[in-house]
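> Can you read through this structure? Questions will come right after.
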Amino acid sequence: LSPYDGSFCHHPPLLLYSLCHLPEHTLFAILLVADMSIALLLQPLLVQGALWKQATSLIYLCCPWTIGACTALSTAALQHVPLLIALLLAQKKQACTAGGMLAV
């Protein structure tokens, strides 16, 4: 069954090909690193002086949806990392680089 039959899969073919051949524990480690980087990228996006700015990473990592997605080996975190990098670059007024990250 092809992953592109229907509207279930929305990943680039090279990403699918590279992830299919990885052992499960390696894929889990990659997804864990992606979740950790998302938690770190969320902090600079908050407004300065926000009360929850320090706890944002912990709240994200302890969220049941984040834990469930990581244990289910969902690759959504791999798509969220470039999006958060693009938002961070756009916030710093680097529009061309942010557009390049969105293209990834």
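> So H80 passes all but one of these: (1) surrounded by 12 or more Cβ atoms within 10 Å (Cβ to Cβ); (2) not in a helix (DSSP H, G or I). Which condition number does it fail?
All conditions pass for H80, except number (2).
> Looking at the stretch 43-69, which of the residues that are part of a helix (DSSP H, G or I) and more than 20 Å from L88 (Cβ to Cβ) is most open to solvent (accessible area, probe 1.4 Å)?
Out of the qualifying residues, it is W65.
> Scan the stretch 29-42 for residues that are free of Cβ contacts under 8 Å to residues at least 24 places away in the same chain and open to solvent by less than 40 Å² (accessible area, probe 1.4 Å) and jot them down.
The one that is free of Cβ contacts under 8 Å to residues at least 24 places away in the same chain and open to solvent by less than 40 Å² (accessible area, probe 1.4 Å): A39.
> Here's another thing I want to ask about it. For the stretch 70-93, what are the residues that are closer than 16 Å to L45 by Cα and more than 8 Å from the chain's Cα centre (by Cα)?
Those that are closer than 16 Å to L45 by Cα and more than 8 Å from the chain's Cα centre (by Cα): I85, A86, L87, L88, L89, A90, Q91, K92, K93.
> Looking only at the stretch 59-69, count how many residues are under 13 Å from A39 (Cβ atoms) and more than 15 Å from the chain's Cα centre (by Cα).
Summing the residues that are under 13 Å from A39 (Cβ atoms) and more than 15 Å from the chain's Cα centre (by Cα) in the stretch 59-69 gives 2.
> Which one of the conditions (1) within 17 Å of the chain's Cα centre (by Cα); (2) under 29 Å from P13 (Cβ atoms); (3) in a helix (DSSP H, G or I) does C96 fail to meet, given that it meets all the rest?
(1)
> Among residues belonging to the stretch 16-28 that are hydrophobic (A, V, I, L, M, F, W, C) and open to solvent by 50 Å² or more (accessible area, probe 1.4 Å), point out the one that is modelled with the highest pLDDT.
Out of the qualifying residues, it is F28.
The values are calculated or read from the model by the stated rules, or taken from the named source; none is laboratory data. What you see is a predicted model; the values in this text were computed from it and never measured. Neighbour counts are summed over all protein chains in view; Cβ atoms, including those assigned to glycine, are modelled from backbone coordinates with ideal geometry. Side chains are part of the model used for accessible areas, which takes the heavy atoms of the whole protein and leaves out ligands, DNA and RNA. Shrake-Rupley method; radii C 1.70, N 1.55, O 1.52, S 1.80 Å.
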